[in-house]
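Notes follow the structure.
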Amino acid sequence: MPRLTRRRALAAGAAVAATGGLPAPSAAAPGHSREHGHSHEHGHDHDLGHDLDHDHGHGAPEAFDEVYLGRRIQGRPLASGHHHGGGYGVFIDGVELHVMRNADGSWISVVGHYDPVPSPRAAARAAVVELRGAPLVPLT
């Protein structure tokens with residue numbers, strides 16, 4: 001019998017939720033409340049965009065360019081060459097944050113690989129919080 005892993009448990013929960021049996025499981029990290037879209041970890045109360053810019057599978061998310069907690073975050077569709085992000089690039093202070101879209105439409109990044117979020121903007125904001133002021137090191 002296969003061992004029950006976190007991935008299998010989440011997949012089973014999502015399958016049940018898709019049939020209307022249960023609410024979808026939340027993969028929120030400790031200290032993050034997705035209910036109100038705020039992070040309460042480390043004394044911060046900042047909107048991570050958990051409830052913003054959902055694209056619901058209808059193509060690429062909208063571009064964004066903003067300063068979040070003193071860091072410039074940007075996201076935009078790219079012409080090609082970024083297969084994991086589905087042709088979408090996310091940048092923190094001009095350095096690319098590698099993102100990947102999951103089959104369920106959620107997004108993960110190299111900084112928040114085990115904490116899926118609903119949009120690239122939310123992935124950028126979560127990475128800024130996680131970096132705690134440290135520079136994002138480009139992947140080579």
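The values are calculated or read from the model by the stated rules, or taken from the named source; none is laboratory data. Since the model is a prediction, treat every value here as computed from it, not as a measurement. Ideal geometry is used to build each Cβ from the backbone, glycine not excepted, and the neighbour counts take in all protein chains shown.
Just checking, how many residues over region 61-89 are in a loop (DSSP other than H, G, I, E, B), at pLDDT below 95 and surrounded by fewer than 18 Cβ atoms within 10 Å (Cβ to Cβ)?
Within region 61-89, residues that are in a loop (DSSP other than H, G, I, E, B), at pLDDT below 95 and surrounded by fewer than 18 Cβ atoms within 10 Å (Cβ to Cβ) number 10.
Report, ordered by the first and then the second residue, all pairs with beta carbons closer than 7 Å, sequence separation of six or more or different chains, a first member in region 120-140 that is surrounded by 14 or more Cβ atoms within 10 Å (Cβ to Cβ), and a second member that is in a loop (DSSP other than H, G, I, E, B) and of a type in the set (G, A, S).
Short answer, once both residue conditions are applied: R121/G49; A122/G49; A123/G112; R125/G49; A126/G112; A127/G112; E130/G112.
Tell me, which residue of region 102-119 that is free of Cβ contacts under 8 Å to residues at least 24 places away in the same chain and under 16 Å from F64 (Cβ atoms) is farthest from the chain's Cα centre (by Cα)?
Taking the candidates together, the pick is S109.
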